[in-house]
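Before any comments, here is the structure.
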Amino acid sequence: MKRLNTALSVLGLATVVAAVVDQLRRPPEQRTWRGRAFDMIPYDFNVPTLERLSEAYWNPGSSSILTDRPLGIGWAVNFAAVVAWMRGQLKAIH
């Protein structure tokens, strides 16, 4: 288990470094401090707004369970989509 934790920590650090390097290679006026590291892992280093927090963690207008994190690297869970999915599963049982 310790090896897995170490590997995940190294992967997380590598993702942060890749994201920062990507942004610093851009001209200052083109730096958004958000994007995708390794063309797949989302990152956002901007201070999150309430709107972005809501879109990430409670967005009933989206069926996506995983959304981009409003701060940091990786994904967030859209709990509204999880609840909708669970309701659909319960209806299928009955």
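The values are calculated or read from the model by the stated rules, or taken from the named source; none is laboratory data. For clarity, every value in this text was computed on a predicted model and none was experimentally measured. Cβ sites come from the backbone with ideal geometry, for glycine too, and all protein chains shown count toward neighbours.
Below is a table of values for the structure above.
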item: Lone unmet requirement of (1) of a type outside the set (A, V, I, L, M); (2) in contact with a Phe, Trp or Tyr (Cβ under 9 Å, 6 or more places away or on another chain); (3) not in a strand (DSSP E or B) for residue 67; result: (3)
item: Subset tally (residues that are within 13 Å of the chain's Cα centre (by Cα) and among the hydrophobic types (A, V, I, L, M, F, W, C)) for the stretch 44-53; result: 2
item: Pairs, first under 23 Å from residue 33 (Cβ atoms) in the stretch 1-22, second part of a helix (DSSP H, G or I) and at pLDDT below 95, C-beta under 6 Å, six or more apart; result: none
item: Residue in the stretch 9-30 that is part of a strand (DSSP E or B) and either exposed (fewer than 15 other Cβ atoms within 10 Å of the Cβ) or at positive phi (or both) present; result: no
item: Residue check, residue 42 in contact with a Leu (Cβ under 9 Å, 6 or more places away or on another chain) and either under 27 Å from residue 13 (Cβ atoms) or of a type in the set (Ser, Thr, Tyr) (or both); result: no
item: Whichever residue in the stretch 35-64 is polar (S, T, N, Q) and assigned to a loop (DSSP other than H, G, I, E, B) and, among such residues, is nearest to residue 19 (Cα to Cα); result: 46
item: Filter pass, residue 3 being of a type in the set (Lys, Arg) and in contact with a Ser or Thr (Cβ under 9 Å, 6 or more places away or on another chain); result: no
item: Residue 36 basic (Lys, Arg), without any contact (Cβ under 8 Å) to a residue 60 or more places away in the chain and over 13 Å from residue 72 (Cα atoms); result: no
item: Condition met for residue 56 (under 11 Å from the mean Cα position of the chain (by Cα), surrounded by 15 or more Cβ atoms within 10 Å (Cβ to Cβ) and of a type in the set (A, V, I, L, M)); result: yes
